[in-house]
Structure formats: C-alpha cells, structure tokens
1. Suppose we filter region 1-32 for residues that are in contact with a helix residue (DSSP H, G or I) (Cβ under 6 Å, 6 or more places away or on another chain), aliphatic (A, V, I, L, M) and farther than 15 Å from residue 43 by Cβ; how many remain?
2. Name the residue that is modelled with the lowest pLDDT, counting only residues in region 31-66 that are farther than 30 Å from residue 3 by Cα, open to solvent by less than 70 Å² (accessible area, probe 1.4 Å) and not in a helix (DSSP H, G or I).
3. Kindly indicate whether any position in region 39-48 is of a type in the set (Lys, Arg) and under 16 Å from the mean Cα position of the chain (by Cα).
4. Quick check on my filter: what residues within region 15-30 are within 25 Å of residue 1 (Cβ to Cβ) and surrounded by 15 or more Cβ atoms within 10 Å (Cβ to Cβ)?
5. Which residues, counting only those in region 49-66, are more than 10 Å from the chain's Cα centre (by Cα) and of a type outside the set (Val, Ile, Thr)?
Amino acid sequence: MKVAAKSSLVVGILAIILGIGLLLVDFPETNGLQDALNYILFESSARVLWIIGLIGLVIGYLLNKK
C-alpha cells in the first residue's frame, strides 16, 4: 500500500506541475482579471491536469493514512 500511496502522490504532483507549465506556455492576452480567471477555470486544457493531480493527491493521502 505504501508504494501505491507514494506513486499516487508523485503522479498527482507531476500532473499539477505539468498543468501549471501548460498554463504558462498557452496563456493568451487578456484584458482583466475576470477574463484571466474565466480562461483558467473554463477554457484552459491545464485544468484537466489539475483535476487529475488533485485526485492523485487525495488518493495518495488516503492510502498513506492507513
């Protein structure tokens, strides 16, 4: 179980880091904070990596807790 927990945590952290990198590379020109947040939350492909990363972190934490 410890190996699964640690690997899940590593996958989660890597997915979040890749999501941040993808957002920095693919960020368009925006006019304001509302446009930027709207792009990040609803239009960016990086959010998929963040969701996978958060799921990986939660699963890793729960497996490591046992």
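The values are calculated or read from the model by the stated rules, or taken from the named source; none is laboratory data. Please read all numbers here as calculations on a predicted model, not as lab measurements. Here the Cβ positions follow ideal geometry from the backbone for every residue, glycine too, while neighbour counts run over all protein chains shown. Please note that ligands, DNA and RNA were not included when accessible areas were found on the heavy atoms of the full protein model with its side chains. Shrake-Rupley method; radii C 1.70, N 1.55, O 1.52, S 1.80 Å.
1. Of all residues in region 1-32, those in contact with a helix residue (DSSP H, G or I) (Cβ under 6 Å, 6 or more places away or on another chain) come to 1, 4-5, 8-9, 11-12, 15-16, 18-19, 22-23, 30.
Filter again for aliphatic (A, V, I, L, M), leaving 1, 4-5, 9, 11, 15-16, 18, 22-23.
Next cut, farther than 15 Å from residue 43 by Cβ only: 1, 4-5, 9, 11, 15-16, 18.
Residues that pass the stated criteria total 8.
2. 44
3. First, pick out the residues of region 39-48 that are of a type in the set (Lys, Arg): 47.
Now restrict to residues that are under 16 Å from the mean Cα position of the chain (by Cα): 47.
Yes: region 39-48 contains one or more residues that are of a type in the set (Lys, Arg) and under 16 Å from the mean Cα position of the chain (by Cα).
4. Within region 15-30, 15, 16 meet the criteria.
5. 60, 61, 62, 63, 64, 65, 66
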